[in-house]
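Read the structure below first, then the notes.
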Amino acid sequence: MNRREHSCTGTLARPHSRFSDKLAFLLNNSVRRYLSPPERLLSKLDIGPRDVVLDFGCGPGFYTVAIARMAGKAIGVDVSQRMLQKAREHVQRNRVSVEFLESDGREIRLADASVNLIILGHVFHEIEDRPRVLREFSRILKPLGRLAIIERTQRGKLLAGFGPPIISEAEVVQEVTQAGFTFANTMPHGKDSIIVGRRPGSADD
């Protein structure tokens, strides 16, 4: 989810306001999909045909359809009913299968250790109770399951003042590791960073 851009030193202590449902068309449209294909970013995450992938804060489904085409099962989660409806319509037009859940992340109606990968596209900064949500992510992730947080970490020259806020990569890593995740790596993607953490454990757990 995108919103107006901010400088961001220490701002992860408090969540940014949530992107307006009325502007959902800005998040998922043919121009954005052409200029920044979701498949290009997702290809960096090695999604396999047996993976269960959760698109948290899926909004109107920008990443969701591409995830459904790569993964064994795709789950879209958002706090907004309107965003979920837009995502369902996008999924239906593209004839893929996605399970949708309404949640702010504090309680997600999925079984323990049932998800391989959780993706957050420009939404981590909007989460109100990040420690609790991160605990819930840890609960539903399989041992060694991954958490991929996409945030804008560099300021762009075009459309200054718009887009997601500028987030400190170090602050995201700090919050994720404090929640018990192991920091895996960071991958650059244009002005964004994909910050990846792993749930501790072993494949035999």
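The values are calculated or read from the model by the stated rules, or taken from the named source; none is laboratory data. Remember, it's a predicted structure, so these values are computed and weren't measured experimentally. Cβ: placed from backbone, ideal geometry, glycine included. Neighbour counts: every protein chain shown.
Go through the residues of the range 88-102 one by one and say whether even a single one is assigned to a loop (DSSP other than H, G, I, E, B) and within 16 Å of the chain's Cα centre (by Cα). Checking the range 88-102: at least one residue is assigned to a loop (DSSP other than H, G, I, E, B) and within 16 Å of the chain's Cα centre (by Cα). Condition first: closer than 21 Å to Arg135 by Cα and crowded, with 23+ Cβ neighbours inside 10 Å. Can you find one or more residues in the range 83-104 that meet it? Within the range 83-104, not a single residue is closer than 21 Å to Arg135 by Cα and crowded, with 23+ Cβ neighbours inside 10 Å. Within the range 72-82, the residues that satisfy the criterion of being surrounded by fewer than 23 Cβ atoms within 10 Å (Cβ to Cβ) and either in contact (Cβ under 8 Å) with a residue 40 or more places away in the chain or assigned to a helix (DSSP H, G or I) (or both) are Val79, Ser80, Gln81, Arg82. Right, Asp55: acidic (Asp, Glu), surrounded by fewer than 18 Cβ atoms within 10 Å (Cβ to Cβ) and under 21 Å from Gly190 (Cβ atoms) or not? Spelling it out, it is not the case that Asp55 is acidic (Asp, Glu), surrounded by fewer than 18 Cβ atoms within 10 Å (Cβ to Cβ) and under 21 Å from Gly190 (Cβ atoms). For the range 143-161, the set of residues classified as of a type in the set (Gly, Ala, Ser) and modelled with pLDDT of 95 or more consists of Gly145, Ala148, listed by residue number. For the range 168-191, filtering for residues that are in contact (Cβ under 8 Å) with a residue 60 or more places away in the chain and either of a type in the set (A, V, I, L, M, F, W, C) or not in a loop (DSSP other than H, G, I, E, B) (or both) leaves 5.
Conditions (1) in a helix (DSSP H, G or I); (2) exposed (fewer than 13 other Cβ atoms within 10 Å of the Cβ); (3) within 14 Å of the chain's Cα centre (by Cα), marked per residue:
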site	(1), (2), (3)
Glu107	no, yes, no
Ala113	no, no, no
Leu120	no, no, yes
Pro131	yes, yes, no
Arg139	yes, no, no
Gly145	no, no, no
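In the range 37-65, the residues that are free of Cβ contacts under 8 Å to residues at least 24 places away in the same chain form no Cβ pair under 6 Å with any partner that is surrounded by fewer than 23 Cβ atoms within 10 Å (Cβ to Cβ) and of a type in the set (Lys, Arg), whether six or more places apart or across chains.
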